[in-house]
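Notes follow once the structure below has been shown.
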Amino acid sequence: MKTIKSTSIFLISSLIVVFILYQCNEYKEPPLINEPTIDYDESPVISEVIPADSAMAGIRSITIIGDNFATAGGNDTTYVYIGGEPAEVKSITSQEIVIERPTIYGDETTISVMIPRAQSVAQKDYKVEIPI
């Protein structure tokens, strides 16, 4: 009697394990990260920054020269960040952006220019000197 009870428990446990493993066998493919049918805009390029390489603490206006900056506004606008902080865009053409930099300082900041429909972000190392 004891072996029949043990065998029954073993069979029921085995069936439960097989059922659970069978349910885990189905693979669902994740959705696409980048839609292959989307036409992406050309990525922005930074060729020069004025003032070059670094800005003194009092200088707030920075000019970025390059290519492929979006000027249409709306969803096709260009975003500029310095050290991860958003910069205010004062004027923009397809080859020049004038920004008012945020109040950050540091030897290792990065200027980033981003267009939402581009596949990459333009970046340039930059330095904003600490006020004395």
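The values are calculated or read from the model by the stated rules, or taken from the named source; none is laboratory data. In this text, all values refer to a predicted model and were calculated from it rather than measured experimentally. Note that we place each Cβ from the backbone using ideal geometry, even for glycine, and neighbour counts take in every protein chain shown.
In region 105-119, what residues are surrounded by 13 or more Cβ atoms within 10 Å (Cβ to Cβ), over 19 Å from S47 (Cα atoms) and more than 14 Å from the chain's Cα centre (by Cα)?
Across region 105-119, the qualifying residues are Y105, G106.
Give I130, I97, I64 a once-over and let me know the one that is exposed (fewer than 15 other Cβ atoms within 10 Å of the Cβ) and over 19 Å from the mean Cα position of the chain (by Cα). Reasoning before the result, please.
On the way: I97 fails: exposed (fewer than 15 other Cβ atoms within 10 Å of the Cβ); I64 fails: exposed (fewer than 15 other Cβ atoms within 10 Å of the Cβ).
Testing whether each residue is exposed (fewer than 15 other Cβ atoms within 10 Å of the Cβ) and over 19 Å from the mean Cα position of the chain (by Cα) leaves just I130.
Can you name the condition, by its number, that I65 falls short on among (1) modelled with pLDDT under 90; (2) touching a Ser or Thr at 6+ places or on another chain (Cβ under 6 Å); (3) over 12 Å from S112 (Cα atoms)?
Checking I65 against (1) modelled with pLDDT under 90; (2) touching a Ser or Thr at 6+ places or on another chain (Cβ under 6 Å); (3) over 12 Å from S112 (Cα atoms), the one that fails is (1).
Residue-wise test of (1) assigned to a strand (DSSP E or B); (2) closer than 16 Å to K127 by Cβ.
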site: L32; (1), (2): no, no
site: P36; (1), (2): no, no
site: S43; (1), (2): no, no
site: S47; (1), (2): yes, no
site: Y81; (1), (2): yes, yes
site: V89; (1), (2): yes, no
site: V98; (1), (2): yes, no
site: T103; (1), (2): no, yes
site: E108; (1), (2): yes, yes
